[in-house]
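Scroll down for the structure; my scribbles are underneath it.
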Amino acid sequence: MNQVLVIPYPGRGHINPMLNLCHLLSSRLNQHNRTTIFTVVVTEEWLGFLNPDQEQDNIIRFVTIPNVIPSELNRGSNMVAFVTAVQTKMEGPFVEVLDDQIEFPVKLIIADGSMHWPFELANKRNIPVAAYWPMSASMFSVVHHVDLLESHHHLYVDVSGVISPFLFHP
């Protein structure tokens with residue numbers, strides 16, 4: 001039995017595409033008597049929004065971490081605090097899930113490319129990791145090269161000193 005741990009960014013436009021990816025992968029991987037379980041890690045609040053039918057789908061499972069980030073219902077009121085919480089508060093509870101709640105050995109982690117900590121954690125534990133980016137390639141290029149945009153004065157906002165949550169840092 002193979003286990004893939006899936007970590008979507010906790011926001012609209014990120015979770016549903018990641019779930020669609022899981023369904024597509026499971027339809028291809030679970031042929032010829034092979035079984036791969038996809039375990040999706042979401043906050044307790046997001047599990048309530050999704051309301052999955054666990055009886056219907058044994059291949060895609062959900063585990064929760066506590067609501068350590070601002071609520072989805074009002075996250076737009078302080079987006080910087082939300083993004084900062086995603087980057088700094090989710091890793092600890094995720095590690096607890098990885099250590100205590102996972103039934104089978106994790107063969108792969110699929111993480112939303114807008115978070116850096118899942119990649120660092122997977123590398124520390126020697127677990128293969130894949131990035132999933134649910135937005136357009138042009139958006140990825142803009143986010144990935146924001147430092148070049150700034151240095152060439154193509155941005156109309158000052159981002160100096162701001163660490164982008166979407167970029168890997170040494």
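The values are calculated or read from the model by the stated rules, or taken from the named source; none is laboratory data. Keep in mind that what you see is a predicted model, and the values were worked out from it rather than measured. Positions of Cβ are backbone-derived with ideal geometry, glycine not excepted, and every protein chain shown enters the neighbour counts. Note: accessible area is taken over every heavy atom of the protein model, side chains too, but ligands, DNA and RNA are not part of it. Shrake-Rupley method; radii C 1.70, N 1.55, O 1.52, S 1.80 Å.
Worth a mention:
- Within this structure, Phe166 passes the test of being modelled with pLDDT under 75, open to solvent by less than 70 Å² (accessible area, probe 1.4 Å), within 30 Å of Ile60 (Cα to Cα) and touching a Gly at 6+ places or on another chain (Cβ under 9 Å).
- Residue within segment 133-146 that is surrounded by 14 or more Cβ atoms within 10 Å (Cβ to Cβ), at pLDDT below 95 and touching a strand residue (DSSP E or B) at 6+ places or on another chain (Cβ under 9 Å) present: yes
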